[in-house]
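Asks: Starting off with a structure, shown below.
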Amino acid sequence: MGATCAAGGRAQRVERERSVETGRVVVVMGVSGTGKTTVGELLAADLGVPYAEADAFHSPANVAKMASGTPLDDEDRWPWLDAIGAWAAERGGRGGVVSCSALKRVYRDRLRAAAPGLVFVHLHGTREVISARQSAREGHFMPSSLIDSQFATLEALEADEVGVLVDVAPGPESVAREAAAALRKL
């Protein structure tokens, strides 16, 4: 049994090293309430790379705007996306995971312009599941009243975008495992 555990542990380390060696930066995307932060942290731990929370890149003005129930417009988002793109570019060749709604293709294109080779994990779920999660969240600046605007803005990954689609219904640990397995197949 000890040999099996040692071999299994070695295989797991080799797989993690291979993921890091590719230097991929993964963007965990989706509407608010899909679990981007939780899944992103779990995925980064599984891949053995750093995690960055996109909310930390928002300006105080953006946070205040969203907290007041007003959706951001593109002019609000450009500097935020540029900051995330800069972080991803700095991680190029070393790997990393960052959460970012990345709801529109143009936003993902902007991120890829700053950090070519980004890979996306699109977390998706039904409006009912997401609304229930959003309503249960405490201490987050994004009110559940903005969920409709998020779904209206969302553009799914297109065929030429490298990424995977993962349903959030099973829960964060299962979602992170599924995402990691799918990413290793890319």
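Asks: Among (1) crowded, with 18+ Cβ neighbours inside 10 Å; (2) within 15 Å of residue 35 (Cβ to Cβ), there is one condition residue 107 misses while meeting the rest; what is its number?
Replies: (2)
Asks: Test residue 125 against the stated conditions and say whether it is within 26 Å of residue 45 (Cβ to Cβ), at pLDDT below 95 and surrounded by fewer than 19 Cβ atoms within 10 Å (Cβ to Cβ).
Replies: Judged against the criteria, residue 125 is not a match.
The values are calculated or read from the model by the stated rules, or taken from the named source; none is laboratory data. All values reported here derive from a predicted model rather than from experimental measurement. Backbone-built Cβ (ideal geometry, glycine too); neighbour counts: all protein chains shown.
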